[in-house]
Amino acid sequence: MKYRIPLFFILVISCLLVAGQSSMRVDAKVDIENRIIQISQEITYKNTSKQILQEIYLTDWANSFRDKQTPLAQRFEEEFQRNFHYAKGDERGNTQVFSITKHNQDILNWSRPDQHPDIIKIELNKPLFPKEEVSIKLRYRIKVPKDKFTRYGSAKNGLKLRYWLILPSVFQDGEWQFYSNKDLNDLYVHPYDIDLNLEIPKGYLVVSDFTKVGENILAHTNQFRFSENNQVDTKLHIINTTNFKTIETDKLNIITNVEDDGLRPEMKALIIDRITHYLDHRLGEFPHDNLMISEEDYLSNPVYGLNQLPSFIRPFPDGFQYDIKLLKTITRSYLENTLILNPRKESWLNEGIITYLLMDYVEQFYKNTKLLGSFSEIVGIRWFHAADLEFNDRYPLLYLNMARVNLNQPLNEENDNLIKFNKNIANPYKAGVGLNYLKDYLQDDEVINKSIKDFYAQNRLKPTTTANFKKIISNKTNKDTDWFFEEYVGNNIHIDFKISKVKKEGDSLRVTIKNKTGKKIPISLYGIKDKDIVSKTWVDQFVEEKTVTISAKNIERLALNYEAVIPEFNQRDNYKKVTTWLDKPIQLRLLLDIEDPYYQQLFLIPEFDYNLYDGFTIGPKLYNKTVLARNLNYKIAPKYGFKSGAVLGSASISYSKQYQNQELYGVRFGLSGTRFSYANDLYYHKVSPYLSIGFRNKDLRSNEKQSISIRSINVFRDRDVSNTIDEPDYSVLNARYHFSDRNFADYFTGTFDYQVAKKFSKVSVTSKWRKLFLNNRQIELRFFAGAFLFNDAKDSDYFSFALDRPTDYLFDYNYYGRSEDQGLFSQQYIEAEGGFKSQLQPAFANQWLTSLNGSFTLWNWIHAYGDVGFVKNKGSKAEFLYDTGIRVSLVQDYFELFFPVYSNLGWEVAQPDYDQKIRFIVSLDFNTLIKLFKRRWY
């Protein structure tokens, strides 16, 4: 009898679950060649709420591809994903709805809500009361998009479908929870039962984790019938060739085409068998017989770091990369198909469990695997601290990457508000590290493990929230865990502690710990001797300072968070001496490295550079900057120029102060100095103190930024005996306001600049606007106006406004040939001041200058440009100048060519030495090029 009662209750609950959810019958006819699916669908929707419903909302994410103005298209633009905007109309997808009726053929009025073209609102003919159900019949056709946008869609070998059916949205907490597709893979639906009749062309097969219950072979097509209960996803592939394989285990069957060419099939099978047993042990039984895992599933959220490795580089143990790839992808699908959390609002818990299990799995089966794998053993590489790190150290490291640049966001922030790096990497990793942190604090490994398993068991295939997870943990421990959900999950305030004072009293130590940010979370205090842990004490949460007493026995140093379990913003001030001379030993490292908080580190790296006058320059750079950004940075970089034969170089020191969750986000000040050649055998020295204040939109996905800066540029130049009128030495005070909002389709920047020096003072305004239209045509306009307030340096144009090539007396621009007036280097184009491309006269203005630069698209990356402007010099009339030409924009603002056509000089294309008139933009600076990557992720 003791076995029958639990079984009875399980059967009753299962029946209630089935009776309380939606069901649907779908007849779909697939035209592979034209990417069309004709669908007749009946949805039986049951009102499981306590409210009377007047309307029902359906999710139609296939229609999110219909044009360039949907939320999905806007998301692509925000992340500078060009291919959707420039795609042909036929390459996108859409939904064409023919009719929506009740089961009795009554026509239902329907519409699409504003700003949600992929949602359908159905007005019911009569109210739907609690526990009542209504049947809705739909006839519609979907055009499947190309797979190049999201990896799902039409491919060379057929169709890879996800989010293709129209499904009921969720009514929860008194309102409809519907969301537009934003390529976040976060469709929110409750489990439904489905009968799917699929008709496909001959020569194609269906790969799915649905149960096939029937098959009919016709003359030109094949018909398949699938049936499945408690579904939340309808992924399937209709393809003419397949590399999918089914791996049967005694837990569930994995259908996958995730490959690793270096592994034997039997080893892959053993790995998958181990993963399914591990998940069954850590989570619980999977409710379906089959689980399909495709390469597209993996690539949509890969194991970052491993996915960048070429297939022939295998620094990890045999099977490790395949194992971790599949573990992450299977675990994600396992949870997405069973835990019915709102993925737009509460994705952090699923993401945290995935990362936590990845860490646990590596600790269990690949203990002591290094972050760099076998590379850690290579002479040279093993000298780096990065070679000492374990594989699991990657998770806090990648989260801290965002915290250090003041771009971290709360874990419970809605998915579509997260910047891409946080959504894909930083927040999932912080969530998993947080669960590990909580486990360490509770000092009981099984509390978190059992809580995850119980949460899965109690909420499998039922709508749930993270509040239920919180209750389960609270019931398993006497310790306070509210801090984890309120402070760690609920806000993005940095975690940062330091030991402010240590006092020895007999055989004890009184240790005062300062909470630098006020985040109320516990911190661990360690006693250290020769890097070994002597003692460990958890100090419960406090706001400002707290003093604790511990034994002084065998302790050389004290440390906070010594094992780096807590993702702390700055661990470098976590150490205090007890019996040693220094808080931390000093360490000199070669090349760039990951910081080791146990040491006071200095780095030495060879640095290379090039300019026309010094030639290639090389020298050592001594600095303190690591892979992670830090507030205080300094460097000393002497160099030797092989062409000039001179000692050159630079030095700088700067400090940055960050402000979280406000428009004023950063203040930076510092001092820099450089010495290089500005012409053959002529050198300049520049010393510049500066202060910069940065403002940004509180919405971190916005690219809107503002800055105010003030600096003093002090330049000391060798005098050129052939040009005695140029000022060799000068100082300029420069104040500047800058606004920028750089987006893919809408771009605007504006700058106001004021300069004052002994012999001149001037102001200028620059603005630039760029618009990419729906027809793929782009218009760009740039305006510049500058005027001298006074100018006592009229005998020289060194400080004058330039029409096409600024003199750069502030040494701001990256000229490859700074003083060249002929040859290739003189043709380098810097978009500044007048912004002309043709070299016209007068080339400078010592009174005022205005210009308007414009371009528009001719075809793809080929544009026509034109510049007009007035140049006014003292004692002369203002002269009107213009030029026109062709602009080849290979990578806009980074790699471009300008071919003059017609100007004040006439038809330039017909004039001698035309090749010397061509201008170019080539950006070789690494920090500039990295912006191409960062704008998509940050």
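The values are calculated or read from the model by the stated rules, or taken from the named source; none is laboratory data. Keep in mind that what you see is a predicted model, and the values were worked out from it rather than measured. No Cβ is skipped: glycine too gets one built from the backbone with ideal geometry, and neighbour counts run over all protein chains shown.
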Report yes if some residue within region 726-738 is of a type in the set (Phe, Trp, Tyr), under 25 Å from GLY875 (Cβ atoms) and out of contact with any strand residue (DSSP E or B) (no Cβ under 8 Å at 6 or more places or on another chain); otherwise report no. no
Against the conditions (1) assigned to a strand (DSSP E or B); (2) within 34 Å of the chain's Cα centre (by Cα), where does ARG675 fall short? Just the number, please. (2)
When the residues of region 548-582 are filtered to those that are under 20 Å from SER508 (Cβ atoms) and under 40 Å from the mean Cα position of the chain (by Cα), which remaining residue is surrounded by the fewest Cβ atoms within 10 Å (Cβ to Cβ)? LYS577
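Condition check ((1) at pLDDT 90 or above; (2) at negative phi; (3) among the charged types (D, E, K, R)) across all residues:
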| residue | (1), (2), (3) |
| --- | --- |
| GLU780 | yes, yes, yes |
| PHE799 | yes, yes, no |
| ASP812 | no, yes, yes |
| GLY823 | no, no, no |
| PHE836 | yes, yes, no |
Picking from LYS759, LYS768, the residue that is within 29 Å of the chain's Cα centre (by Cα), of a type in the set (D, E, K, R) and farther than 30 Å from ARG92 by Cβ would be LYS768
Being touching a residue at least 60 places away in the same chain (Cβ under 8 Å) and either more than 19 Å from LEU881 (Cβ to Cβ) or small (Gly, Ala, Ser) (or both) is the filter here; which residues of region 766-787 pass it? LEU772, LEU774, ASN776, ARG777, GLN778, ILE779, GLU780, ALA785, GLY786, ALA787
Before we move on, is ARG818 within 39 Å of the chain's Cα centre (by Cα), crowded, with 17+ Cβ neighbours inside 10 Å, in the same structural domain as LEU897 (by TED's automatic domain parsing) and not in a strand (DSSP E or B)? yes
Identify, please: which residue in region 348-394 is aromatic (Phe, Trp, Tyr) and in contact with a Lys or Arg (Cβ under 8 Å, 6 or more places away or on another chain) and is, among those, surrounded by the most Cβ atoms within 10 Å (Cβ to Cβ)? PHE391
Per-region count, region 195-220, residues outside any loop (DSSP other than H, G, I, E, B), surrounded by 15 or more Cβ atoms within 10 Å (Cβ to Cβ) and touching a Ser or Thr at 6+ places or on another chain (Cβ under 8 Å): 7
In region 605-651, how many residues are small (Gly, Ala, Ser), over 28 Å from TYR399 (Cβ atoms) and under 36 Å from the mean Cα position of the chain (by Cα)? 5
So, in region 1-27, of the ones that are closer than 28 Å to VAL97 by Cα and not small (Gly, Ala, Ser), which residue ends up modelled with the lowest pLDDT? GLN21
I need a count of the residues in region 837-873 that are outside any strand (DSSP E or B) and not polar (S, T, N, Q). 5
Which one of these is in contact (Cβ under 8 Å) with a residue 60 or more places away in the chain and closer than 23 Å to MET267 by Cβ: THR338, THR329? THR329
So which of ASN83, ASN109, ASN94, ASN157 ends up being polar (S, T, N, Q), loosely packed, with under 12 Cβ neighbours inside 10 Å and under 27 Å from SER294 (Cβ atoms)? ASN83
Take ARG805 and tell me if it is closer than 15 Å to ILE921 by Cβ and of a type outside the set (S, T, N, Q). yes
All conditions in (1) of a type outside the set (D, E, K, R); (2) surrounded by 16 or more Cβ atoms within 10 Å (Cβ to Cβ); (3) within 31 Å of the chain's Cα centre (by Cα); (4) on the phi < 0 side of the Ramachandran plot are true of ASN185 except (4)
Matching residues, region 246-282, being of a type in the set (Lys, Arg) and either at pLDDT 95 or above or buried (at least 16 other Cβ atoms within 10 Å of the Cβ) (or both): LYS251, LYS268, ARG274, ARG282
From the options PHE844, PHE790, residue that is over 30 Å from LYS88 (Cβ atoms), touching a Ser or Thr at 6+ places or on another chain (Cβ under 8 Å) and buried (at least 17 other Cβ atoms within 10 Å of the Cβ): PHE844
Residue list for region 595-646, filter: of a type in the set (Ser, Thr, Tyr) and either closer than 30 Å to ASN680 by Cβ or outside any loop (DSSP other than H, G, I, E, B) (or both): TYR610, TYR613, THR617, TYR623, TYR634, TYR640, SER644
The conditions are (1) surrounded by 20 or more Cβ atoms within 10 Å (Cβ to Cβ); (2) closer than 22 Å to ASN661 by Cβ, and ASN401 fails exactly one of them. Which is it? (1)
Scan region 283-294 residue by residue and report those that are touching a Lys or Arg at 6+ places or on another chain (Cβ under 8 Å) and surrounded by fewer than 18 Cβ atoms within 10 Å (Cβ to Cβ). GLU285, PRO287
Being among the hydroxyl-bearing types (Ser, Thr, Tyr), over 27 Å from ASN661 (Cα atoms) and out of contact with any Leu (no Cβ under 9 Å at 6 or more places or on another chain) narrows THR537, THR549, THR517, THR512 down to just THR512
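Condition check ((1) of a type in the set (Ser, Thr, Tyr); (2) outside any loop (DSSP other than H, G, I, E, B); (3) not assigned by TED's automatic domain parsing to the domain that holds TRP859) across all residues:
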position: TYR737; (1), (2), (3): yes, yes, yes
position: TYR754; (1), (2), (3): yes, yes, no
position: TRP769; (1), (2), (3): no, yes, no
position: ASN775; (1), (2), (3): no, no, no
position: GLU780; (1), (2), (3): no, yes, no
position: PHE784; (1), (2), (3): no, yes, no
position: ALA793; (1), (2), (3): no, no, no
Sort out which residues of region 736-763 are farther than 17 Å from PHE801 by Cα and small (Gly, Ala, Ser), and write them in order of number. SER740, ALA745, GLY750
For region 245-257, indicate whether the set of residues that are in a strand (DSSP E or B), in contact (Cβ under 8 Å) with a residue 60 or more places away in the chain, within 23 Å of PHE316 (Cα to Cα) and touching a Lys or Arg at 6+ places or on another chain (Cβ under 9 Å) is non-empty. yes
Output for Cβ contacts, cut-off 6 Å, separation at least six or different chains, first residue surrounded by fewer than 13 Cβ atoms within 10 Å (Cβ to Cβ) and outside any strand (DSSP E or B) in region 700-725, second acidic (Asp, Glu) and at pLDDT below 90, reads ILE725/ASP795
